[in-house]
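Peer 1: Take this structure, written in structure tokens, and hold onto it; I'll ask about it next.
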Amino acid sequence: MKIYDVTIVGAGPTGLFTAFYGGMRQMSVKIVESLPNVGGQLTALYPEKYIYDIAGFPKIRAKDLVDNLSEQVSIFSPTIITGESVVDLTRLEDGTWQLTTDADTHLSKSVIFTTGNGAFEPKRLEHAEATKYEGSQLHYFVNDMGTFAGKDVVLFGGGDSAVDWALMLEPVAKSVTLVHRRDSFRAHEHSIELLHQSNVIIKTPYVVDHFEPEGDAFTHVAVRNSDGQVELLKADHVIVNYGFRSSIGSMKDWGMEMERHAIVVNSKMETSLPGVYAVGDSNTYEGKVKLIACGFGEAPIAINSAKHFVDPETKKHLKHSTDLFSH
């Protein structure tokens, strides 16, 4: 079995860029991803959503960002394993790390976790009528904007994703109503400003009361405010964006220092295990900010640390990419 220089656990945006930078350092790279495709949550949950924190792009659709990252990493042809979840991490007597998945085992001289918040599932609408509409009119993900073209859409949520979806759907749908249980939103200030400048109808503070049925479908969703007043909203589709529940599985048992379900790292992205690193939303340190942009910045730090761990004779830092591809 081949022993790779570095195995990256997680093939989200940060994982793909980490793999690319591993190629820049001429390391042999393997990626292990639990989902059937690369791209992580962007592919699974938000393929049509715009991302705003990528340097050089005023905005970029999530699926386009993943496509660009996939093209970038393909320059170095890393080994990519999908559909396997890592269930155990063990250091062998010779110092090699053995990653055991639910389907196979993998050997590596170093490991970098880019697993984000772990396995995830949406926080579902806690309403007795909700389940019978899931998959038809009630949605937790937006995989195809065309589904909502010319339709009346009611969206529940108050975070960045809810506000972003409302703004993206507003020019596509017939109408968009954003319903939040609080008066204030938890989105970035600029997004909230755009929301108030848009044609999105805002209903706060309201929660779901019931659905108005017609046969096997619903025509309206009733919302209730804090005073108990109920209002009917015309709705062809309802999107619920209450966030996601995540699980790190057995990771907490592998000997790494953890804090609130995140892996504690130092300034070199080192965990408490030798040769094991963590970047992106999977790690934590003082001042940590969970943005894709931050994960991209942490990736070269982790790779340079892993490169030096695997081969102590190498330099910890590399020349600029302009030097590498200039001839």
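Since every read-out is calculated from the coordinates, none of them should be taken as a lab result. Since this is a predicted model, take the numbers as computed values, not measurements. Note that each Cβ is placed from the backbone with ideal geometry, even for glycine, and that neighbours are counted across all protein chains shown.
Peer 1: Angle check, please: helix 292-310 long axis (alpha carbons) against the longest principal axis of the chain (alpha carbons), in degrees 0 to 90, nearest 10.
Peer 2: Approximately 20 degrees, to the nearest ten.
Peer 1: So for F141, F148, fewest C-beta neighbours within 10 Å to most, what's the order?
Peer 2: F141, F148
Peer 1: For a quick check: with amide H placed at 1.01 Å from N, whose amide H comes under 5 Å from F211's, ignoring anything fewer than 5 positions away on the same chain?
Peer 2: A222
Peer 1: If you don't mind, there's one more thing I want to ask. According to the square roots a ≥ b ≥ c of the eigenvalues of the Cα gyration tensor, what is the shape class of the range 124-242, taking rounded for a/c under 1.5, prolate for a/b larger than b/c otherwise, and oblate for the remainder?
Peer 2: Oblate is the answer for the range 124-242, as a/c is 1.5 or above yet b/c matches or exceeds a/b.
Peer 1: While we're looking at this one, here's another question. Going by Cα centres, the range 94-172 and the range 232-292 are how many Å apart?
Peer 2: What the calculation gives is 14 Å, centre to centre.
Peer 1: Next question, about the same structure. Among the lysines, which have Cα under 16 Å from the Cα of K315 when same-chain residues fewer than 8 positions away are ignored?
Peer 2: K268, K307
Peer 1: Something else now. Report the antiparallel proportion of the DSSP beta bridges in the range 124-242 as a percent, rounded to a multiple of 5.
Peer 2: The antiparallel proportion sits near 45 percent.
Peer 1: Once phi is turned into ³J(HN,Hα) by the Karplus curve 6.51 cos²θ - 1.76 cosθ + 1.60 with θ = phi - 60°, what whole-Hz value does each residue of the range 217-228 show in order, with x for glycine and proline?
Peer 2: Once θ is set to phi - 60°, the couplings for the range 217-228 become 10, 10, 10, 9, 10, 8, 10, 10, 8, 5, 8, x Hz.
Peer 1: Helix 62-73 versus the longest principal axis of the chain: what is the Cα-based angle in degrees, 0 to 90, to the nearest 10?
Peer 2: 10
Peer 1: Would you grab the residues whose amide H sits under 5 Å from the one on D152? Only those 5+ places off in sequence or on another chain, please, with H modelled 1.01 Å from N.
Peer 2: K174, S175, D236, H237
Peer 1: Relative to the first principal axis of the alpha-carbon coordinates of the chain, what is the inclination of helix 13-24, with its axis defined by its Cα atoms, in degrees from 0 to 90 and to the nearest 10?
Peer 2: 20
Peer 1: Bins of 10 Å, beginning at zero and ending with the bin holding the largest distance: percent of Cα pairs per bin for the chain, please.
Peer 2: With a bin width of 10 Å, the distribution comes to 6, 24, 29, 20, 14, 6, 1, 0.
Peer 1: Rounded, prolate or oblate: which one fits the range 192-270, using the alpha carbon gyration tensor with axes a ≥ b ≥ c (rounded when a/c is under 1.5, else prolate when a/b beats b/c, else oblate)?
Peer 2: Prolate, because a/c is 1.5 or more and a/b exceeds b/c.
Peer 1: Give K234/K290; K59/K109; K2/K290; K174/K203; K203/K288; K49/K174 a once-over and call out the pairs whose C-alpha atoms are over 26 Å from each other.
Peer 2: As for pairs spanning more than 26 Å Cα to Cα, those are K234/K290; K59/K109; K2/K290; K203/K288.
Peer 1: Also: Within the set of other residues whose C-beta is less than 15 Å from the C-beta of D102, count the net charge using Lys and Arg as +1 and Asp and Glu as -1.
Peer 2: Once all neighbours under 15 Å are counted, the net charge is -4.
Peer 1: Based on DSSP, what percent of beta bridges with both residues in the chain are antiparallel, to the nearest 5?
Peer 2: Within the chain, antiparallel bridges account for around 50 percent of the total.
Peer 1: With labels modelled as points extended 7 Å from the Cα through the Cβ direction, what inter-label distance (nm, one decimal) is found for N37 paired with K123?
Peer 2: So the label points at N37 and K123 sit 2.7 nm apart.
Peer 1: Please order M168, M269 by the number of other Cβ within 10 Å, starting at the fewest.
Peer 2: Going from least to most buried by this count: M168, M269.
Peer 1: May I pose another question? Can you tell me how the range 62-139 classifies by the Cα gyration tensor, rounded, prolate or oblate, using a/c under 1.5 as the rounded cut?
Peer 2: oblate
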